[in-house]
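We did not get these values from a lab; they are worked out from the coordinates using the rules stated. Computed from a prediction, not measured in an experiment: that's the story for all the values here. Backbone-built Cβ (ideal geometry, glycine too); neighbour counts: all protein chains shown.
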Amino acid sequence: MNQLFNIRQVKILACSMAGLFLAIHVLMLAIFNACGVTPMACFNIGSILFYVGMLVLIHREHFRPFVILTFFEICLHMSCAVVCVGFDSGFQITLIGICVLLFYSEYVARSLNLRYVRSILIAPWALVFYLVSYLISVHREAPYVLPPQVRQFFQISWAVVVFSIAILILYLFVYVSTRYQEVLSNEVFHDKLTGLPNRYSMAEFFTRLGNGTNAEQYWIAIADLDDFKRINDTYGHNCGDYVLRELAGMLLDIGRGISVCRWGGEEFLLAGETEAGIAR
């Protein structure tokens, strides 16, 4: 089964994410500095240096520390922003988005057999940061007040970011699970060598046929290769596989409306409608 990501793609994705977070902190540094929120301006200087270090970790393929450290940096930064400028600034909503990214990072790491973060153990910390920052903002007035336009900018920006992340990740989960389900179904009900439906697939066909009212309007035949073992013994199993694939192709070309499956070994089963069934 093909994987959605490989190591190189994960590395590019992680670098892009760290670069995006770095750019966001540069923007927030400029905004907080312009608004006179000195503690958060200083915090963002540290965050900028932090993400430069994260790019180094990613280059060395230390993905697990990158995920853990980034998660807690975002939780701490956004909680401090809420404490400094108030709950209505909207910074707390990012704690939901980072949880979505955390679980998706675990999925990607598991699929590539990398060391992964147990999201279920770490994600609750986002709730802790959320509640603590909320309680502090309720019982203590924010020491800094952002201009209405800036506050509105943050509220809209974080809402767009978090909803975009949630929608994208959930879509990817739906796409991947559906795709893998289709691949698994195909592997279960089709013969890997010839590509024909296998006996399990034909058994379902017979079940549906038996539950219907026109089973007598179908015919069934079974065909096999005489002395097929001699082909394998004389020319090898690769040659035998080639013969089976060629025979499968020939059987498929017999006619339209005929179902062909590999029943097992060198045996093939064919089923189709009788003339009476076709005429109806």
Q) Picking from Val138, Leu172, Ile220, whose Cα lies most toward the positive end of the charge dipole for the stretch 122-275 (charges on Cβ: Lys, Arg +1; Asp, Glu -1)? A) Val138
Q. How far apart, in nm, are two points set 7 Å out from the Cα along the Cα-to-Cβ line at Ser185 and at Thr234?
A. 4.3
Q: Can you tell me how much longer the chain between Glu273 and Leu13 gets when fully stretched, taken as 0.36 nm per residue apart minus their C-alpha distance, in nm with one decimal?
A: 88.3 nm
**Q.** Stokes-Einstein D (µm²/s) once Rh is taken as the Kirkwood radius of the stretch 93-173 over alpha-carbon pairs, at 25 °C in 0.890 mPa s
**A.** 167
**Q.** Contour minus Cα-Cα distance for Arg110 and Val132 (0.36 nm per residue)
**A.** 4.7 nm
Q) Picking from Thr194, Thr70, Thr234, which is most flexible by a Gaussian network model of the chain using Cα springs under 10 Å? A) Thr234
Q: For the stretch 7-189, report the convex hull volume of the alpha-carbon atoms normalised per residue, in Å³, without decimals.
A: 111
(Q) Give me Asp227, Asp191 sorted ascending by neighbouring Cβ count inside 10 Å, so fewest comes first. (A) Asp227, Asp191
Q) Which value in Å is the Kirkwood Rh of the stretch 199-279 over different Cα pairs? A) 14.1
